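The values are calculated or read from the model by the stated rules, or taken from the named source; none is laboratory data. Nothing here was measured: the structure is a model prediction, and the numbers come from that model. Ideal geometry is used to build each Cβ from the backbone, glycine not excepted, and the neighbour counts take in all protein chains shown. With ligands, DNA and RNA removed, areas are computed over all heavy atoms of the protein, side chains included. Shrake-Rupley method; radii C 1.70, N 1.55, O 1.52, S 1.80 Å.
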Amino acid sequence: MKIVNCLFSIAMILPGSMSAQTVKSFPNVIYIMADDLGIGDLGCYGQRQIKTPNIDNIARHGMKFMQHYAGSTVSAPSRCALLTGKHMGHAAVRGNKKVLGSDGLAYEAPLPKEEVTVADIFKKRGYMTACIGKWGLGGPGTEGMPDKHGFDYFYGYLGQGFAHSYYPDFLHENDKRIELNGKVYSHDLMLKKSLDFIEQYKQNSFFLYYSPTIPHADLDIIKEQQQEYEGMFCETPFTGRGYKQQAIPRATYAAMVTYLDRSVGIIIDKLKELGLYDNTIVVFTSDNGVHAEGGHDPYFFDSNGPFRGYKRDLYEGGIRTPFVIQWPRIIPAGVVTDHVSAFWDFLPTISDLLQVNAPNTCDGISYLPTLTKKDKQQKKHSCIYYEFFEGGGKQSIMTSDGWKLIRLQVAVPEKTYEELYNLSIDPAEIANLVEQYPEVATRLRNMIVGQRTENIDFHF
């Protein structure tokens, strides 16, 4: 902890405008967020068929969270929660609603200009900031563009629909459309841009929000990478319902996850090459639970681990996500924590780290005390709340005593029903206890009222 305090003291010498040397006193931060990767897809969480040694090493050299929650059960709102520190009861973006950009194409609902993001927090301490990968919070000509929310540089997919293809017609670099004509594997371009960003700003402190689209469907990978797992599994060809056809979906999914892991290893090797490794926080997570699309069978690989459900569910398999983090010489190696945390905790954690006030509207709680082993100072959530507007409308709330209420068909009051689980003894959510404990269900239902405000664009 003396090291941490020293960093803070040095960094606070010069208020306002900072010299490069002062800025460098703060650690770099690389936040890597996979797309639709299940908690059970990583070796450090129990996977035995898919190789993920580099991500596993982050857990080995740092800390593994066992109860970390995504921002939502689908992509755009999850990213909104991460960047703004607001859960689904208060977030500006709570679903994958489409809005036309100035180019006439459909993108996601734009993040309002008044929203303060974690990138804005980094800018207050002189960081260079980049989002490379999938954005999903507004397209060209809207107030949701990355440069309007604290990011100096963007490269990748502005819209999620385009990100279903790994050989897209175009990507965006800032607000410029880059024509690709379906000839290049997009992941490789985004990885290169990430490495270039690290190289370019090695003398500054930087925040890289790297959000690759692997392993979201389409299931698609460069042939040479696919061959690593080819012939290892019994396969049922996917005929292409809504996504690209894939003859060997299991081998392809496994190869995609391993290819993502290698990309993580390449980034870490770059940090070592440039002498940045010891002063860089590296996070790895996923934007929501595992998908069951494009031919992927999550049960074959046990992608959701011991949990029920997957993407679009409010069961634990849809919202519980892997979360491993390393910060050499600060975070102890090989630590496993049961601290309950969520995407909306990232902004207040960074605010705590940089000694910048988080917005009063933030729902999150800093987990910096957990990272630095000041456990007695760690505040805890009273509850974890979600709402989701597909499939008839869903809500869930989990309290600190382990009870979880799920409300289904919320948009149709006469059809609404509830399920109650005690995660302390039933993390797989097998035994619905709503009839046995009606008073608990009532208590949690009443708590929901205080966890949300109405949103004109996302409502039941």
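Some points to look at:
- Annotation: LEU371 carries an accessible surface of approximately 10 Å², with a 1.4 Å probe and no ligand, DNA or RNA atoms counted.
- Whole-angstrom gap from region 282-339 to region 48-77, using each part's C-alpha centre: 5 Å
- Value of D in µm² per second that Stokes-Einstein yields for region 324-460, Kirkwood Rh from Cα pairs, at 37 °C (0.692 mPa s): 192 µm²/s
- Per residue, the average separation of C-alpha pairs within less than 8 Å and at least 6 apart gives region 39-192 a relative contact order of 14 percent.
- In percent, rounded to a whole number, the relative contact order of the chain is 22, using alpha-carbon pairs under 8 Å and six or more apart.
- Segments 392-404, 59-71, 130-142 sorted - mean Cβ within 10 Å per residue, highest first: 130-142, 59-71, 392-404
- Electrostatic dipole magnitude of region 31-114 [Cβ: Lys, Arg +1; Asp, Glu -1; Cα centre; debye, to 20]: 180 debye
- Positive minus negative residues near ARG177 (Lys, Arg vs Asp, Glu; Cβ under 13 Å): -4
- What you get for region 146-279, charging only the Cβ of Lys and Arg (+1) and of Asp and Glu (-1), is a dipole of about 200 debye around the Cα centre.
- Restricted to Cα atoms, region 313-364 shows a radius of gyration and a Dmax of 13.6, 38 angstrom.
- With 20 Å as the limit, the listed pairs LYS98/LYS192; LYS123/LYS380; LYS192/LYS270; LYS270/LYS374 have LYS98/LYS192; LYS123/LYS380; LYS270/LYS374 beyond it between alpha carbons.
- Take 323-331, 374-382, 338-346, 280-288 and order them by the average number of nearby Cβ atoms within 10 Å per residue, most first; the result is 280-288, 338-346, 323-331, 374-382.
- Cα radius of gyration and Dmax for the chain (Å): 21.1, 62
- Sites GLU435 and GLN49 - FRET efficiency at Förster radius 45 Å, r taken between beta-carbons, to 0.05: 0.70
- A crude spin-label estimate for the pair LYS380 and ARG443, with each label 7 Å from Cα along the Cβ direction, gives 1.4 nm.
- HN-Hα J in Hz across region 416-422 - Karplus 6.51, -1.76, 1.60, θ = phi - 60°, x for Gly and Pro: 4, 9, 10, 10, 10, 10, 10
- Per residue, the accessible area of the chain comes to 38 Å² when a 1.4 Å probe rolls over the protein heavy atoms.
- Unit charges on C-beta of K, R, D, E only; dipole of the chain, Debye: 1100 debye
- Taking each DSSP H run with n ≥ 4 as -39500 (n - 2.57) and averaging over every residue of the chain yields -7000 deg cm²/dmol at 222 nm.
- 5 angstrom amide H check on ASN304, placed H, neighbours 5+ away: GLY40
- Table column - 3J(HN,Hα) (Hz), region 182-199, Karplus curve with 6.51, -1.76, 1.60, x for Gly and Pro: x, 10, 10, 6, 4, 4, 5, 5, 5, 5, 4, 4, 5, 5, 4, 4, 4, 4
- Distant-in-sequence amide contacts of LEU100, defined by a placed amide H-H separation under 5 Å and a gap of 5 or more residues or a different chain, comprise TYR107.
- Sulfur and carbon atoms: percent of accessible area, the chain [1.4 Å]: 52 percent
- Ordered from largest to smallest accessible area (heavy atoms of protein chains, 1.4 Å probe), the residues ARG445, ARG452 come out as ARG445, ARG452.
- Ranking GLU179, GLU435 by solvent-accessible area of protein heavy atoms (1.4 Å probe, all protein chains present), from largest to smallest, gives GLU435, GLU179.
- Using the Karplus relation 6.51 cos²θ - 1.76 cosθ + 1.60 with θ = phi - 60°, the per-residue 3J(HN,Hα) values for region 434-447 come to 5, 7, 6, 10, x, 5, 5, 4, 5, 4, 5, 4, 5, 5 Hz, with x marking Gly and Pro.
- In percent, rounded to a whole number, the relative contact order of region 226-296 is 36, using alpha-carbon pairs under 8 Å and six or more apart.
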